[in-house]
Every structure is written in C-alpha cells, then in structure tokens.
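Data block below; observations after.
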Amino acid sequence: AIGRIRYGPTTEEAPSLQLRRSLYWAKDIERGEPITREHLRTARPSLGAAPRNLPLFIGRECGLARTAGMPASLADLA
C-alpha cells in the first residue's frame, strides 16, 4: 500500500517490448475490402497493433492496400 501506482512497462521491461507479439497481415488485401480473421495473424517483433485490438479490425474495411507480411496498424482501417 506504500508507494505510487504505475501503469505500463517499467524501465527494466523496455528492452523486451520488441519481443512482444503484434498483428501482421497474413494475406494481401485491397483498399475497401472487408477484413476477416484470415487476413490477420500474430507474430513478432512488435511493430504492429497489439493483438488485443484484433476485434477492432474484424468486419471493418481496409483503408489502404496491404501485402502479406506487413505490420497491421489502426491507421490501416477505413
């Protein structure tokens, strides 16, 4: 109960943040195409959106054409 509440990674965890998983495009997708679960996968390193954001992608239209292997970002959504 003594001390301050801290949210987020500590300074000791900072170097390992790159080792976390993130979302990547598993299949090529065109602009305006609806995103399905088959379009996305999780992989390392952590260059894309966090896996907890997967529900935000499913059913939405892709705002930009993307190729397989690229990190998926929330900016990719239309």
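A few notes on this one:
- Three-way shape call for region 1-72 based on the alpha-carbon gyration tensor, with the a/c threshold at 1.5: prolate
- Summed over the residues of the chain and divided among them, the accessible surface reaches 71 Å² per residue at a probe radius of 1.4 Å.
- Cα lying deepest toward the dipole's positive end in the chain, options P9, I58, W25, charges on Cβ: P9
- Note on the chain: with neighbouring protein chains present and a 1.4 Å probe, carbon and sulfur make up 55 percent of its accessible heavy-atom surface.
The values are calculated or read from the model by the stated rules, or taken from the named source; none is laboratory data. Source: prediction; values computed, not measured. Every residue, glycine among them, receives a Cβ derived from its backbone with ideal geometry; neighbour counts consider all protein chains shown. When the accessible area is computed, the model is the full protein with side chains, heavy atoms only, and any ligands, DNA or RNA have been set aside. Shrake-Rupley method; radii C 1.70, N 1.55, O 1.52, S 1.80 Å.
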